[in-house]
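Reviewing the structure listed below.
The values are calculated or read from the model by the stated rules, or taken from the named source; none is laboratory data. Predicted model only: the values in this text are computed from it and were never measured. Accessible surface is based on the protein model in full, side chains and every heavy atom, while ligands, DNA and RNA are left aside. Shrake-Rupley method; radii C 1.70, N 1.55, O 1.52, S 1.80 Å.
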Amino acid sequence: MPVWLIWLIAAVGLAGAEALTGDLFLLMLSGGALAAVVSSLLVENYVVDGVVFLLVSVLLLVLVRPALRRRFAAGKGLPEPAKALEGKPALVLDTVARHAGQVKLDGEVWTARPLNDDDVYQPGDHVTVMRIDGATAVVFKSV
């Protein structure tokens, strides 16, 4: 079996193992193994392949991995689903009063109650979602 193929199998195996860990460590070693594949194709010397693997892996671990980890950690992430619904318009399907009601919000039917306990909204009224309490949309009449 050619040496470059062994390095390629190692690179693919390390990248696959990285998918299980998500720490970016094994991915950097996979990059080193890919560099060793290129080295093996250019120079037929096992020692050179090993040195290339070692140098590229260390460089990736020291320079690239910290930058990638910062980049992934700096993201805001996805908004909390309930927070994403606040401020959206909804259509009253069933009379919304203090203890009952339904609205259509983003194509789904939600249990609803008015923001002010004394308010009552009739079917067909357009309301705005002020907040989500559990599985209930707290709504206010849109102007």
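Structural remarks
- Over region 3-75, accessible surface divided per residue gives 64 Å², non-protein components excluded, 1.4 Å probe.
- Taking the longest Cα principal axis of the chain as reference, the axis of helix 25-42 is set at about 40 degrees.
- Per atom type, region 3-75 shows carbon and sulfur on 76% of its accessible surface, probed at 1.4 Å.
- Rounded, prolate or oblate (a/c below 1.5 giving rounded, otherwise prolate when a/b exceeds b/c) for the chain by Cα gyration tensor: prolate
- The relative contact order of the chain, computed from alpha carbon pairs under 8 Å that lie at least 6 residues apart in sequence, is 16 percent.
- Length-normalised contact order of region 81-141 in % [C-alpha pairs under 8 Å, at least 6 apart]: 36 percent
- Taking 0.36 nm per residue of separation and subtracting the Cα-Cα distance, full extension of the segment from Leu59 to Tyr46 would add 2.7 nm.
- Region 58-73 versus region 79-97: alpha-carbon centroid distance in Å: 41 Å
- Beta bridge orientation in the chain: antiparallel %, DSSP, nearest 5: 80 percent
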